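Asks: I have a structure here, written as structure tokens, and I will follow up with some questions on it.
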Amino acid sequence: MTIDRIKSNKILITLGDEDMRDFSLDYDTLSLYDSHCRKIIMRILQVACFKTDIEIKDKKMTVEALPTVNGCILLLTVEDRKSRRYRLQNRKNCYCYEVGNSKNFLEVIRLLYRQNVCCNKNSAYEQNGTYYLVFDYPAVPKRFKRILHEYGARCGDNIFAARLRENAKEICKTNAVAVIGRWL
């Protein structure tokens, strides 16, 4: 077995036929799902990291196995774990309501339209047979809230609304209550 440090975060481990027999490994059955293979590979990786002075604690490791004529090669890549942070582009407040099926959706739109409240910044979405109304305001009028809570429920905040805008089917992007309500 030879251990070579290729880069500051990469190690190349070459296992010959004799090493494969000593560790009772076979390239064709080499898998991290097999407990024996996983134990042996982890021990080999620990020895390699110790000899090359690469720290693996709290790091992400990628192991690639490649066959050779007389054994196999293991390539270990060690990377820092990076936590992903998401940030919304526009930080305006919004209210998102789930109104259920199409019958409830149309009834809510009809009732909201008849309230004659100027509320232009709203949109409608459908996802998996469920309809949603999103109001891009810091507050929704009380008359609207009563109707919305009677037929549905508030289901999220800015992040939920952003996911809806990204993944759901858009029914009406702007002024949904007026555009749809005019025809009911």
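Asks: Can you give the Rg to Rh ratio of the chain, both from alpha-carbon atoms, with Rh computed by the Kirkwood formula? Walk me through the numbers on the way to the answer.
Replies: Details: Rg = 29.2 Å, Rh = 21.2 Å.
For the chain, the value is 1.38.
Asks: On the accessible surface of the chain, probed at 1.4 Å, how many percent belong to carbon and sulfur atoms?
Replies: Here carbon and sulfur together make up 47 percent of the probe-accessible area.
Asks: For segment 42-48, take each phi angle, set θ = phi - 60°, evaluate the Karplus expression 6.51 cos²θ - 1.76 cosθ + 1.60, and give the result in whole Hz per residue in order, putting x for glycine and proline.
Replies: After applying 6.51 cos²θ - 1.76 cosθ + 1.60, I find 5, 5, 4, 5, 5, 5, 5 Hz.
Asks: So for the chain, averaging the separation of alpha carbon pairs under 8 Å that are six or more residues apart and normalising by length, what relative contact order in percent results? Before the final figure, lay out each step's value.
Replies: On the way: 272 pairs, mean separation 38.6, N = 184.
It comes to 21 percent, rounded to a whole number.
Asks: In addition: GluC sites (Glu not before Pro) within segment 1-79: which are DSSP loop residues with at most 10 other Cβ atoms inside 10 Å? Walk me through the numbers on the way to the answer.
Replies: Details: sites: E18, E55, E64, E79; in loops: E55.
Qualifying residues, ordered by number: E55.
Asks: Hand me the trypsin sites (Lys or Arg not before Pro) from segment 96-169 located in a DSSP loop with no more than 13 other Cβ atoms within 10 Å, in residue order please.
Replies: Values: sites: K103, R110, R114, K121, K142, R143, K145, R146, R154, R163, R165, K169; in loops: K121.
Hits after loop and neighbour filter: K121.
Asks: Put a dot 7 Å past each Cα toward the Cβ at M42 and M1; how far apart are the dots in nm?
Replies: Between M1 and M42, the label points sit 1.5 nm apart.
Asks: Where only protein heavy atoms count, and the probe is 1.4 Å, what is the accessible area per residue for the chain in Å²? It would help to have the intermediate numbers written out before the result.
Replies: Details: 12470 Å² over 184 residues.
Normalised by residue count, the accessible surface of the chain is 68 Å².
Asks: Whats the longest run of the chain with zero chymotrypsin sites (Phe, Trp or Tyr not before Pro) that are DSSP loop and have at most 15 other Cβ atoms within 10 Å?
Replies: Numbers: sites that count: Y33, Y86, W183.
Value returned for the longest uninterrupted segment is 87-182.
Asks: Separation between the M61 and W183 pseudo-spin-labels, each 7 Å from Cα along Cα→Cβ, expressed in nm?
Replies: For M61 paired with W183, the spin-label model returns 6.0 nm.
Asks: Once you sort the root eigenvalues of the Cα gyration tensor of segment 10-58 as a ≥ b ≥ c, which label holds: rounded (a/c under 1.5), prolate (a/b larger than b/c) or oblate (the other case)?
Replies: On the way: a/c = 2.42, a/b = 1.49, b/c = 1.62.
It comes out oblate by the Cα gyration axes.
The values are calculated or read from the model by the stated rules, or taken from the named source; none is laboratory data. Since we're looking at a predicted model, the values are computed, not measured. As a convention, Cβ positions derive from the backbone with ideal geometry for all residues, glycine included, and neighbour counts pool all protein chains shown. Ligands, DNA and RNA are excluded from the accessible area calculation, which covers all protein heavy atoms including side chains. Shrake-Rupley method; radii C 1.70, N 1.55, O 1.52, S 1.80 Å.
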